[in-house]
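Note sheet for the following structure.
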Amino acid sequence: MRAVTLHLKTLSALALVAALAGCARNPASVEAASTVKSESTRKAAPDFTLKDADGKMVKLSDYKGKVVLLNFWATWCGPCKIEIPWFKEFETNYKSKGFAVLGVAMDDEGWEAVRPYIQQQQVNYRVLMGTEPVGALYGGVESLPTTFLIDRQGRIAATHIGLVSKSVYVNDLKDLFDAPAGK
C-alpha cells in the first residue's frame, strides 16, 4: 500500500510539473530562454492571410516596418492565459514604437470559442483564426504557446516555445526596438 501511495504522489507531482510547464511536448524547451538572433541568421517570416474577429483579411506582410509579436495560442492553454495580459500590456506600451501583437488562435472550435474569450479578457490586439497550413509554415506549431518575434524587416528574430518569463520578452523587444531602422 505504501508503494502505491508513493507512486500516486510521484504521478501527482509529475502532473503538476507538466501543467506548469505548459502545453509544450518537450518541457525542457520551456526553460530554455531564446534570445534575439543575429541579423545575419534571421530568416524571413512566412507570409500568410487569415481572418480576424471582424471577418477582415489580415496579411502578415501588412505589418512590415513594425516589430511584431506573433503568438500561436488557444483558449484551453493554461500558459497562454498567463501570457495574454503581458501581450495586452505590450500592445499598449509599445504601440507608439511601431509594435503590434498578432494572436493566432488555434482552437478547433473556431470563433465560437475564441470570440467570447477575447471579449471576456478584453484583448486589445488583433486576433486571427489560425489554420493548420499556416501553422505548418511556422514549423508545425506543435506546442502552445509558440511565439515568434519578427523584426521590422519581416524576419524572425526570436522564437519562444512554451511559457517563458515576461522579462525575456521585454529584453528581446528592447533589443529589437533599439536596432537601427532599415537594417
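Of all aspartates and glutamates in the structure, the ones whose alpha carbon falls short of 14 Å from that of residue 174, not counting any fewer than 8 places away in one chain, are 91, 151.
The length gained on full extension between residue 109 and residue 62, counted as 0.36 nm times the residue separation minus their Cα-Cα distance, comes to 14.2 nm.
Past 19 Å, Cα to Cα, is the threshold; run 37/59; 56/95; 59/166; 64/97 against it and keep the listed order.
Working: 37/59 24 Å; 56/95 21 Å; 59/166 27 Å; 64/97 13 Å.
Flagged as over cut-off: 37/59; 56/95; 59/166.
The charge dipole of region 88-183, taken about its Cα centre with unit charges on the Cβ of Lys, Arg, Asp and Glu (plus for the first two, minus for the last two), comes to roughly 540 debye. Taking θ as phi - 60° and the Karplus parameters 6.51, -1.76 and 1.60, the scalar couplings of region 97-106 work out to 8, x, 10, 8, 9, 10, x, 10, 6, 10 Hz in sequence order, x denoting glycine and proline.
Of the peptides 128-136, 151-159, 56-64, how do they stack up when ordered by the mean number of other Cβ atoms within 10 Å, highest first? Before the final figure, lay out each step's value.
Numbers: 128-136: 16.0, 151-159: 19.6, 56-64: 14.4.
Highest-to-lowest ranking by the protection proxy: 151-159, 128-136, 56-64.
Taken together, the values in this text are just the output of simple stated rules run on the coordinates, not laboratory data. In this text the structure is predicted, and so the values were computed from the model without any measurement. For neighbour counting, all protein chains shown are included, and Cβ atoms are generated from backbone atoms with ideal geometry for every residue, glycine included.
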